[in-house]
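Just below is one structure, and these are the notes that go with it.
Any read-out appearing in this document is the output of simple, stated calculations on the displayed coordinates, not a laboratory observation. Everything numeric in this text was worked out from a predicted model, so none of it was measured. Positions of Cβ are backbone-derived with ideal geometry, glycine not excepted, and every protein chain shown enters the neighbour counts.
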Amino acid sequence: MSEKEPQNLDLSQFENVKRQNVVEKEQMPNNTFGLLMDVELELSAILGTCDMTLKKVLELTKGSIIELENKTSEPINLLANGKTIARGEVVIIEDNFGLRITDTVNEEVNLHE
């Protein structure tokens, strides 16, 4: 077995490859993301939660009041397909409830995972 001497590598040739990948991502057409704009998501706002025994649930009737653990001053979570995306406060619009967004959840989105 002969041992070979270590050689110095010219890394500049690899830098060009890396730059090309970055350029390719930057040159992706903006309308690619536009293809997703018509995808429907299920949005839900959770007013509050509580723990209740099965016995108490079976005793519920029309007019029963369930006390939720959330305080009225606490923000309400807005979920998209079960994942929290924003927080807000409940508002009444005519005869409907609404949610005024007061804060969005800032998590880095990695579309390549």
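Rg to Rh for segment 38-104: what is it, with Cα atoms only and Rh by Kirkwood? Here Rg/Rh amounts to 1.04.
Whole-Hz Karplus values for segment 94-101 come out as 6, 9, 10, 8, x, 9, 8, 6 Hz, taken residue by residue from phi with 6.51 cos²θ - 1.76 cosθ + 1.60 and θ = phi - 60°; glycine and proline positions read x.
Restricting the GluC sites (Glu not before Pro) of segment 28-104 to loop positions (DSSP other than H, G, I, E, B) with no more than 14 neighbouring Cβ atoms within 10 Å leaves 40, 42, 59, 67, 69, 94.
How about segment 35-113: which trypsin sites (Lys or Arg not before Pro) there are in a DSSP loop, with at most 12 other Cβ atoms within 10 Å of their Cβ? Sites meeting the loop and neighbour criteria: 62, 71. The charge dipole of segment 38-104, taken about the Cα centre with unit charges on the Cβ atoms of Lys, Arg (+1) and Asp, Glu (-1), comes to about 260 debye, rounded to the nearest 20.
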